[in-house]
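See below for the structure under consideration.
Nothing in this text is a laboratory measurement; each read-out follows from the coordinates by a stated rule. As the structure is a computational prediction, the values presented were derived from the model and not from experiment. Cβ: placed from backbone, ideal geometry, glycine included. Neighbour counts: every protein chain shown.
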Amino acid sequence: MILLQHLVPIATLREALAKNWEGYERLRQMALNRVPKYGNDDNYVDTLAVEVADHFIREVLQYRNSRGGRFYPGIFTFHHVTRGRSIKASPDGRRDREAVTTHISPAVGTDLSGPTAVVNSALKICRLKPPEGAALGVRFHPSAVQGEVGTKNFTSFIKTFMDQGGIEIQFNIVDSETLKDAQTHPEQYKDLIVRVWGFSAYFVTLTKDYQDDIIARTEHGV
């Protein structure tokens, strides 16, 4: 396992982030491609995700709102593309102003071990039982759910997730080529609906940065 602290001093990493990785492209590629990422059922990095989520949940539950009730934390990310524009570069290789991920989903393109691994990582957070819940997003290629076998596998996938403590799972079932063609020929795809974060929308009505984010999400088979 390769960790950034094995590659560079923390001071160097801080400088790379402060400079938005400018002059540190080799290090950024290592951060992107050679260190463990959440969403691959890797216990090392998943444990870090659970620690952060647990800290967030416990901290929020300590406080009362202005009406005397409690705050109930949930793990959701809204306007993730727009929100990313105000967030500086991060140690996972993400550049300044790039989109962040949605909810408890892996960062786009980093879930490389299949949908079962994605679910296994997400379940570790779900089992903390955040009072307001948490959502996981997964994109499948249409061929993965075609026919009787595909339907059976897809149903089993959802049932397994929920039976093991999953809270909410959202899907896009569309291939990248269709999405790219819809960008080029929007008049031919007026009825193409996609899941964005906590809502669905016609793909061709989205701004290009949100379209690109959906295209960049890993395309899984069941």
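At 222 nm, what helix-only mean residue ellipticity would the chain give, in deg cm²/dmol to the nearest 500, using -39500 (n - 2.57) for each DSSP H run of four or more? Let's see the in-between values first.
On the way: 9 runs with 92 residues, N = 222.
-12500 deg cm²/dmol, from helical runs alone.
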Charge dipole magnitude, Cβ of K and R +1, D and E -1 - the chain, Cα centre, debye nearest 20: 720
Can you pull a Stokes-Einstein diffusion coefficient for the stretch 1-102 at 20 °C (1.002 mPa s), Rh from Kirkwood over Cα pairs, as a whole number of µm²/s? 136
Could you point to the residue in Thr102, Gly147, Thr178 farthest towards the positive end of the stretch 37-220's charge dipole, with +1 and -1 charges on the Cβ of Lys/Arg and Asp/Glu respectively? Thr102
Report the Cα centroid-to-centroid distance between the stretch 74-141 and the stretch 10-37 in angstrom, as an integer. 20
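From largest to smallest, what semi-axes in whole angstrom does the chain give when each is the square root of 5 times an eigenvalue of its alpha carbon gyration tensor?
Numbers: eigenvalues 156, 118, 76 Å².
After diagonalising the Cα gyration tensor, the semi-axes are 28, 24, 20 Å.
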